[in-house]
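Q: Right, I'll just put the structure down here and ask away after.
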Amino acid sequence: MIPTEVFAVRQCSVTSVVTFLVYAALGGTLFLLPGSKGSGIHHWLYSSAVPQPLRCPTMAGDPVTAQALGIDLPETFGYRLKRIFLGPPLVTEELPNERLTDTTALGVLAPDCISSSAYGSEEMLREMVPYIGLAAFSLLIPVTIAILIVLFLVTLSYREVVMVYTRAGGSYVVARDNFGSNIAQIAAVALLIDYTVTVAVQSAAGTDALTSAIPAAVPYTVPITVAVVLLLVYGNLRGLREAGRAFAFPTYFFILALTAVIVTGFVKALTGTLGHAVPHKGVMTQTHSLLSGTHGLLLGLGFFYLLRAFANGGSSLTGLEAISNGVSAFKPPEGVHARRTLVVMSSVLGFLVLGVSLLARFTHALPYVSGTPTVISEEAKVVFGAHGAGAVLYFVVQLATLLILYTGANTSFNGFPYLASFVAEDSFLPRQLTRRGHRLAFSNGILVLAVVSIVLLIVTRAQVASLVAVYAIGVFTGFTMAGAGMVKHHLTHRARGYRHRILINGAAAVTSGLVVLIFAVTKFTEGAYIVVVLFPVMVWGLIRLNHQYREEAAVLGEGVAARAAEAPTLRLHAVRVLVDRLDLATARAIQFARTLHPDDLRAVHFVLDSRRAELLSERWTRLGLSRLPLELIECPDRRLPRAALELAAEAAADGQTEVSLLLPRRAYGRVWSRFLHDQTADRIVVAVSQLEHVTATIVPFEVRKALAERHHEAHVPAPGPVLSPADHAVRAMVGEPDPAERLAVERDEALAAVDGGGLTLISQLRQRQTAKVAGRVRSVRVQPLAGVPTLECTLTDSTGRLLVTFLGRRRVPGVEPGTRLVVEGMVGTHRGQPTILNPIYEIVAPAEGE
């Protein structure tokens, strides 16, 4: 089949083909854009950054780029920086290509599991040596064999898992499909904890391998470990394919290096030439004697510490679930490839763990209190020697160990994001974890994992002994849930051979459950209590989050949305533009408001400073904007969100009006510039969103672009004596307002007398009667009336509101928000509100600040 690109070239002119080949040879991309009929290439743009397939004018459905339309859409600095460090973005169509072969999968997903052989035997000795001394080397092999039996059972169990569940998720998906979503959160929490601790343990153990070879680096253990985690984050943010290529080599390098140590050590042991490790200062020694006597209590305590050694050695099995959690990353058929890789990985792990334990017994390599030098380091030094070629081989082994442990942490950066995305898809974690990033990786999950892991490293000072106590509880809980879930699956479906499969998965579940119990009991005081307490809290938190998501879905669901979208619209539309100051941002919001063709359009300024409000009103008039009402509303407590809420509620109170609040926002290109300005608009949006039929819209204005344009306007002479170039821009943007709505006030020639000239409460006013009212001016605005400027004031007392209108006046001295006023005149109505036209008035008390 001819590729689309070649077929497209054949339909272009010879010039098109030659041009494409030349620029392709230069490493760039040719964009061919539609031109006039019969032409070859109307326009081209050369770019060395964005790879795109060749596009020809004759190809139907070709996109028209913004550049072709002459639109300048510059990329943000953050995006350009992301391209520099992470490379060009991968499009979604490339996702199927991001699959792993068996060889690459072993390099990407197995390091966590295989690398644990570097410290599993050492952790067993760390528990036994202080209590039974050199007798620990005799018990080391039986404990190792017990761990290998668990490894065998769990491997058999997961062979069934990966064949049935070929999507990523592992024990979580198994538990969810067989026990329900809520119970599945036990597996989710277990694996999320395990993945997080894995990054810390593996990277800390890698640094121990480094400091074993270079003791001078010990003081820099924490910075080195954190730097390695950040490097892993960078590699994974670039994408799975790049990570696989980078991390496959250390896996095979370590397998070959450690195999060389084991085989050479066995040969020397058989020939009698294998020496013993020479202990130095800081080596662990026997400090208690539990097994020296026959006392039952002492024997019981000895068995307890033997279980602790078994628990520590169980950390060798962590990472075994990575294949099942990343099974969707394999090439089809996913189950077959995952099963094959799982068996290979478990076999390699079993060989290495047993080999390291046997060498430890032969060489009597003891662990050190500080964690460095490591047992593997001592074994390699005994096997190869410390001089000449042996020293070189020793450093090669340490380098291989360092690389596999560091890359072992990478398994979590593959498994954690996939698992988190599945849990988030089920609405038990924030949905941001389901989104793929710049290079098709789950970037948010990678970043969350990195942050938590770095915090663990800093808190524990990157000490493996402080982390391993809680290391394997999570993963063995996952083993238990996977085995139990598969038992339920086989009982439900009863496929051919289901009985022996139940036996396999059931044995793995029971064994793993016992290991969890051993961990929780024997390691409780050494940090396991954190997991025991944190576990139920996290499970409850995930279930509570899911409950919140379900409640939101019930309110925002498709059925509710469809009914709301088809509901009849309200009869009126009122628009209020909130004005802080008069500038281009405000003018853009007013311009947008006019395109909505509202029934009632007003600009509203909440008065926090009476002097500033007066200057705004004067400038509003000076710019010729008085035909657009500017309403000044008192805000004595300076609670702007509350004032906006009351404004919107009043406008929508009749039940027939849809209210839109427009809030100008000045957008600044530089991050530091944003700290110079508040975020009041966001707080107002949150406040008014609780009201029905009220919509708050932020109208952004790019200040950086306006600043650039200002340089071009700075030398243009102003056409008038008072208006600046910015004023002209404001007036031009706002333009001529629509004709104002005419004021209709009912009058009657029969006037009612006011008894005694006393004051009347606003709630007691009657139409067609003369009344005297005292109150506080809440708001002031200039409202055109048939082309004649009219000042409208809202007067309030404890019982209601009264509209006071001064016909033919833009301003009444002393009358502004906050003024206490007594007015007298005939009462009419306007928009359902009691109104007095051209009253007799008296200022009782000026506004505050006058």
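The values are calculated or read from the model by the stated rules, or taken from the named source; none is laboratory data. Note that the coordinates shown come from a computational prediction; the quantities given were computed from them, not determined experimentally. We place every Cβ from the backbone using ideal geometry, glycine too, and count neighbours over all the protein chains shown. With ligands, DNA and RNA removed, areas are computed over all heavy atoms of the protein, side chains included. Shrake-Rupley method; radii C 1.70, N 1.55, O 1.52, S 1.80 Å.
Q: Go through the residues of region 810-824 one by one and say whether even a single one is farther than 24 Å from V577 by Cα, without any contact (Cβ under 8 Å) to a residue 24 or more places away in the chain and open to solvent by 10 Å² or more (accessible area, probe 1.4 Å).
A: yes
Q: Within the set of pairs 6+ apart or on separate chains, which have a first residue in region 481-496 that is of a type in the set (G, A, S), a second that is crowded, with 24+ Cβ neighbours inside 10 Å, and C-beta atoms under 6 Å apart?
A: If the second residue must be crowded, with 24+ Cβ neighbours inside 10 Å, the pairs left are A482/V161; A482/S171; A482/V174; G483/S157; G483/N505; G483/A508; G485/V174; G485/A175.
Q: Condition first: assigned to a helix (DSSP H, G or I) and buried (at least 17 other Cβ atoms within 10 Å of the Cβ). Now tell me which residues in region 330-339 satisfy that.
A: E334, G335, H337, A338, R339 - these are the residues of region 330-339 that are assigned to a helix (DSSP H, G or I) and buried (at least 17 other Cβ atoms within 10 Å of the Cβ).
Q: Further, regarding this structure: Among the candidates L616, L608, L596, L572, which residue alone is without any contact (Cβ under 8 Å) to a residue 60 or more places away in the chain and either over 20 Å from I684 (Cα atoms) or of a type in the set (D, E) (or both)?
A: L616
Q: Here's something else I'd like to know. Within region 400-410, is even one residue under 18 Å from N178 (Cα atoms), open to solvent by less than 30 Å² (accessible area, probe 1.4 Å) and of a type in the set (S, T, N, Q)?
A: There is no residue in region 400-410 that is under 18 Å from N178 (Cα atoms), open to solvent by less than 30 Å² (accessible area, probe 1.4 Å) and of a type in the set (S, T, N, Q).
Q: Return the residue satisfying two criteria in turn: it lies in region 363-396 and is in contact (Cβ under 8 Å) with a residue 24 or more places away in the chain and over 19 Å from H280 (Cβ atoms), and of such residues it is farthest from the chain's Cα centre (by Cα).
A: L393
Q: For E842, state whether it is among the acidic types (D, E) and surrounded by fewer than 15 Cβ atoms within 10 Å (Cβ to Cβ).
A: Considered against the rule, which asks whether it is among the acidic types (D, E) and surrounded by fewer than 15 Cβ atoms within 10 Å (Cβ to Cβ), E842 comes out as yes.
Q: Right, another one. Of the residues V531, V555, V560, which single one is outside any loop (DSSP other than H, G, I, E, B), touching a Gly at 6+ places or on another chain (Cβ under 9 Å) and modelled with pLDDT under 85?
A: V531
Q: May I ask you to list the residues in region 247-273 that are under 24 Å from V108 (Cβ atoms) and not aromatic (F, W, Y)?
A: Result: A248, P250, T251, I255, L256, A257, L258, T259, A260.
A quick yes/no check of all residues on (1) surrounded by fewer than 24 Cβ atoms within 10 Å (Cβ to Cβ); (2) aromatic (F, W, Y); (3) outside any helix (DSSP H, G or I); (4) in contact with a helix residue (DSSP H, G or I) (Cβ under 8 Å, 6 or more places away or on another chain):
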| site | (1), (2), (3), (4) |
| --- | --- |
| N444 | yes, no, no, yes |
| L449 | no, no, no, yes |
| S453 | no, no, no, yes |
| L456 | yes, no, no, yes |
| V459 | yes, no, no, no |
| G474 | no, no, no, yes |
| M481 | no, no, no, yes |
| A484 | no, no, no, yes |
| K488 | yes, no, no, yes |
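Q: Out of curiosity, is L433 in contact (Cβ under 8 Å) with a residue 12 or more places away in the chain, open to solvent by less than 10 Å² (accessible area, probe 1.4 Å) and aliphatic (A, V, I, L, M)?
A: no
Q: A follow-up question, please. So which residues in region 340-372 are of a type outside the set (S, T, N, Q), open to solvent by 10 Å² or more (accessible area, probe 1.4 Å) and closer than 20 Å to I255 by Cα?
A: R340, V343, V344, V348, G350, F351, L354, L358
Q: Report the residue count in region 247-283 for those that are open to solvent by 70 Å² or more (accessible area, probe 1.4 Å) and either of a type outside the set (S, T, Y) or over 20 Å from T101 (Cα atoms) (or both).
A: Adding up the residues that qualify gives 12.
Q: Is it fair to say R831 is loosely packed, with under 15 Cβ neighbours inside 10 Å and at pLDDT 85 or above?
A: The answer is no for R831.
Q: I've got another one for you. Among the residues of region 154-169, which ones are of a type outside the set (S, T, N, Q) and more than 19 Å from H493 (Cβ to Cβ)?
A: Across region 154-169, the qualifying residues are V154, A168.
Listed here are the residues, each with its yes/no results for (1) of a type in the set (A, V, I, L, M, F, W, C); (2) within 20 Å of T511 (Cα to Cα).
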residue: A110; (1), (2): yes, no
residue: S115; (1), (2): no, no
residue: A118; (1), (2): yes, no
residue: P130; (1), (2): no, no
residue: S157; (1), (2): no, yes
residue: R176; (1), (2): no, no
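Q: Suppose we filter R776, R781, R766 for residues that are within 50 Å of the chain's Cα centre (by Cα) and modelled with pLDDT of 85 or more; which single one remains?
A: Being within 50 Å of the chain's Cα centre (by Cα) and modelled with pLDDT of 85 or more holds for just one of R776, R781, R766, which is R776.
Q: Hey, another quick one. Give region 571-592 a look and list any residue that's in a loop (DSSP other than H, G, I, E, B) and open to solvent by less than 40 Å² (accessible area, probe 1.4 Å), or say none.
A: V579, L582, D583
Q: Here's another thing I want to ask about it. Taking the condition of being open to solvent by 10 Å² or more (accessible area, probe 1.4 Å), touching a helix residue (DSSP H, G or I) at 6+ places or on another chain (Cβ under 6 Å) and of a type outside the set (V, I, T), how many residues in region 152-175 meet it?
A: 7
Q: Give the residue that is modelled with the lowest pLDDT, with candidates limited to residues of region 255-284 that are under 26 Å from S370 (Cα atoms) and of a type outside the set (A, V, I, L, M, F, W, C).
A: Ranking the qualifying residues of region 255-284, first place goes to G282.
Q: While we're here: For region 301-329: of the residues being buried (at least 24 other Cβ atoms within 10 Å of the Cβ) and among the hydroxyl-bearing types (S, T, Y), which is nearest to T144 (Cα to Cα)?
A: Filtering region 301-329 for residues that are buried (at least 24 other Cβ atoms within 10 Å of the Cβ) and among the hydroxyl-bearing types (S, T, Y), the one nearest to T144 (Cα to Cα) comes out as S316.
Q: Now for a separate question. Between a first residue in region 402-426 that is touching a residue at least 24 places away in the same chain (Cβ under 8 Å) and more than 14 Å from L192 (Cα to Cα) and a second residue that is hydrophobic (A, V, I, L, M, F, W, C) and not in a helix (DSSP H, G or I), which pairs have beta carbons less than 9 Å apart while being 6 or more apart in sequence or on different chains?
A: That search, which allows pairs on different chains as well, returns G408/A110.
Q: Next question. Can you say whether Q202 is among the polar types (S, T, N, Q) and more than 15 Å from F422 (Cβ to Cβ), as far as the supplied structure shows?
A: Taking the combined requirement at face value, the residue satisfies it.
Q: Go through region 461-472 and count every residue that is assigned to a helix (DSSP H, G or I) and surrounded by fewer than 19 Cβ atoms within 10 Å (Cβ to Cβ).
A: The number of residues fulfilling the criteria is 1.
Q: Any residue in region 688-696 that is out of contact with any strand residue (DSSP E or B) (no Cβ under 6 Å at 6 or more places or on another chain), at pLDDT 85 or above and not charged (D, E, K, R)?
A: yes
Q: Picking from P641, P598, P636, which residue would you name as being modelled with pLDDT of 85 or more and out of contact with any strand residue (DSSP E or B) (no Cβ under 6 Å at 6 or more places or on another chain)?
A: P641 is the lone residue from the list that is modelled with pLDDT of 85 or more and out of contact with any strand residue (DSSP E or B) (no Cβ under 6 Å at 6 or more places or on another chain).
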